[in-house]
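The values are calculated or read from the model by the stated rules, or taken from the named source; none is laboratory data. Bear in mind that the values here come from a model prediction, so they are computed numbers and not experimental data. As a convention, Cβ positions derive from the backbone with ideal geometry for all residues, glycine included, and neighbour counts pool all protein chains shown. Keep in mind that these areas ignore ligands, DNA and RNA; they rest on the heavy atoms of the full protein, side chains included. Shrake-Rupley method; radii C 1.70, N 1.55, O 1.52, S 1.80 Å.
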There are 2 protein chains.
Amino acid sequence: MLSERQKMILRMIVEDYIQSAEPVGSRSISKHVDMGLSAATIRNEMADLEEQGYLEQPHTSAGRVPSQQGYRYYVDHLLQLGERLKQEEISKMKMLFSERVDEIEKVAQQTALYLSTFTQYTAVVLGPQVYDNTLRSLQVVPITEHSAVLLVVTSTGQVQNKTVSFPDDISLSQVEQLVRLLNEKLVGIPIYQMRSRIFEEISREVARQMRDFEEAQRILDRLLNVIVSEKDGKVFLGGTTNMLLQPEFHNVEKAKSVLSWLEHHDLVSKALLQESKLSAPLSVRIGGENELSMLQNCSLVTATYRIGEDPVGVIGIIGPTRMEYGRVIRVLDYLSKEMTQLVTKWYSG
Amino acid sequence: MLSERQKMILRMIVEDYIQSAEPVGSRSISKHVDMGLSAATIRNEMADLEEQGYLEQPHTSAGRVPSQQGYRYYVDHLLQLGERLKQEEISKMKMLFSERVDEIEKVAQQTALYLSTFTQYTAVVLGPQVYDNTLRSLQVVPITEHSAVLLVVTSTGQVQNKTVSFPDDISLSQVEQLVRLLNEKLVGIPIYQMRSRIFEEISREVARQMRDFEEAQRILDRLLNVIVSEKDGKVFLGGTTNMLLQPEFHNVEKAKSVLSWLEHHDLVSKALLQESKLSAPLSVRIGGENELSMLQNCSLVTATYRIGEDPVGVIGIIGPTRMEYGRVIRVLDYLSKEMTQLVTKWYSG
DNA sequence: TGTTAGCACTCTTAATCGTTGAGTGCTAAT
DNA sequence: ATTAGCACTCAACGATTAAGAGTGCTAACA
């Protein structure tokens, strides 16, 4: 258990360290206004806090640095979230959402950019998930003899287009016939059930209606791939190189390990979804709380945004464990709500 | 003018330095097989080469390093492009293009990835340009009361979809009416002429056919934006963090300047198009030959790929001036040809 | 009993100073 | 024209030293 005084000291140390990135000495805490204690007293308390695992000492004659546990305690109990963002910042962010945008992808990209410039960290935005959406409609637009654009519209109004080509020996009309059939059978079905549905119900039907079963199977397969392919939302990054601003990543090795992880969008997407989908709308994972080895020195703060009540996407910040949690959380909170509003309105259904 | 011997020595120095990243001394050149000269002789030639501007000396008692001019001479006159890529590498790359892919974007992305893993540098792929393509067809697919997906199909078969929303006081049927009109008037027109065409011809027409002129103008405007928006091809990056492998970018400052430049896709796209569109299918820009300040220590090697005879896209490699030009050029040459074949076949028109 | 001043001690950081070794330029001999 | 030899230069490295920040502990104090 921590005394009130210890809490206060811990908070000061964390905040000082977040600011300066240098181990915090007893003197600098003691000199702090509204702290009427001598350095010696602080030292005693610090020794206590270290014993309890909230602080660490890089070496004997250095100041203290918050441990992972220290950050955790800070985030859980010492953070004062009452404070609001500055008015000017809010109005800047409002601008983003007031520009009329025609594309959800642009919004995601822009949000990532804003998120990163506002926080000076690296931002990640996971585009809306279509995982448990249902199919609203399927359209084909012919392009050449043997290729066409397939339009997949989901219940949330998301649209994907893919250009598909067909083997020479298959005509467009055959494809159109297939698409008609698919529309009939698949509208209203959740995307994730598609694959099994097709094999259970449709294959039979196809076999009856079309002469060449083999052929039909092949096209069916290709169409299906298009439909379910992008089931994991796209990843948008902002301020990737902000990582390099942080002194903890001046070591090129460490920087590289995180940056190359960020290049693998599939892994990033997985990490973002890991927790946030089920749990609270806001999640803070500090250092070792992340499983991935390249994130051991990082913190990942994420917030979900929703359509109505259903969470459909994630926005997040990646930075060093020495992160301005308060500010980051406030920005994420604000922007995720703004995103929720936007996509809810956008996909008005 | 360089004597044959000087050329040979210059080539050896460049190649040695490319390999080792360390200034090259006279002794190591002299020890080279098929070089029957003593270090002293080499030293004399080196002094000559330096005087003529092909070499530089980091400090008095260090070996020599190629100057920008030195690299330029190497690329222009000393590179032996006769050599082929190893068979195993070719077959690896063939795999990329043999997988059946349904999307040009995937190919671009994959190419960037391969390019970077093959060369250990950073790769850039500029997706096919639609700049001087003509409009083939325009389609609307309604989604909700006040939003629809607009499909833009160009003459090369590229497709863009955009979800557009309309003000509450405009009905879908009005939009459809407009799209019909646009289709009538705009099919076959190069995209880049669109804007002026609309204002010259269509506005009048619209004014006649539709009751509310103001309203029509507003929708028209929005549709137009969608059509011409993505006129610059998308940029795909591969192996961004490979930059950090190079000793010249172990300095975080330098690394950051290049990496953040890479984040601005519009700038990257501009830089790639700057030269390559007009000139030869292969372009090598060394260090200061690039205008951008962050590329002063970099070389940018690009190759175009084409549809038939028309160049429509660019693939390229960014690395330190100390770059394996031979290898890079061979890989780019191979992959750009492969890309040409693919997109030519793909957009069979 | 909690707080604080004082002091010896630890350990990092930066600066200083030879020493080493790679590499050069020049000269004289081949 | 080439090369062996030699004196010279200069970055890189390691050791030594000095400075300074910060600690833990003890003893005095309220």
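Of note:
- Value of D in µm² per second that Stokes-Einstein yields for region A:4-78, Kirkwood Rh from Cα pairs, at 4 °C (1.567 mPa s): 108
- Distance histogram in 10 Å bins (all Cα pairs of region A:1-44, percent per bin): 28, 61, 11
- Interface burial for B against A (accessible surface, 1.4 Å probe, total of both chains, Å², rounded to 100): 3400
- Each peptide in B:240-250, B:8-18 receives the mean, over its residues, of other Cβ atoms within 10 Å, and ordering these scores from highest gives B:8-18, B:240-250.
- For the rotational copy pair B/A, the chain B residue whose Cβ lies nearest the symmetry axis, together with its distance in Å, is B:ASN161, 2.
- Sorted from nearest, the other copies put their B:ARG218 label points 5.1 nm away, the label point being 7 Å from Cα in the direction of Cβ.
- Options B:VAL33, B:LEU49, B:HIS59, ranked by Cα towards positive dipole end of region B:4-78, top entry (Cβ charges): B:VAL33
- Across region A:246-310, counting alpha-carbon atoms alone, Rg and Dmax equal 13.3, 44 Å.
- Region B:3-158 - accessible surface per residue (Å², probe 1.4 Å): 49
- Relative protection proxy for B:73-84, A:213-224, from highest mean packing down: A:213-224, B:73-84 (other beta-carbon atoms within 10 angstrom).
- Only the Cβ atoms of Lys and Arg (+1) and of Asp and Glu (-1) were treated as charged; on that basis the dipole of region B:1-113 about its Cα centre amounts to roughly 260 debye.
- Remark: C-alpha extents of chain B on the principal axes read 90, 38, 35 Å, sorted largest to smallest.
- Partner shielding of B:160-166 amounts to 6, given as the average count of beta-carbon atoms from other chains within 10 Å of each residue beta-carbon.
- Dimensions of region B:47-206 along the principal axes, based on C-alpha atoms and rounded to the nearest Å, stand at 79, 39, 29, largest first.
- Projecting 7 Å from Cα along the Cα-to-Cβ direction, the label point of A:GLN69 sits 6.6 nm from its equivalents in the other copies, listed shortest first.
- Normalised by 2.2 N^0.38 Å, where N is the number of residues, the C-alpha radius of gyration of region A:137-186 stands at 1.15.
- Per-residue shielding of B:258-270, expressed as the average number of other chain Cβ atoms within 10 Å of the residue Cβ, stands at 2.
- Cα-centre dipole for chain B with unit charges at Cβ (Lys and Arg positive, Asp and Glu negative), debye to 20: 600
- Across the identical copies, the 7 Å label point of B:SER137, projected outward along Cα→Cβ, sits 1.5 nm from its counterparts, in ascending order.
- Contact order for region A:1-155, expressed relative to its length and based on alpha carbon pairs under 8 Å spaced 6+ residues apart, stands at 14 percent.
- Rolling a 1.4 Å probe over the protein heavy atoms of the protein assembly as shown, with every protein chain left in place, gives an accessible area that is 49 percent carbon and sulfur.
- Square roots of 5 times each gyration tensor eigenvalue, C-alpha, the protein assembly as shown, largest first, Å: 46, 42, 24
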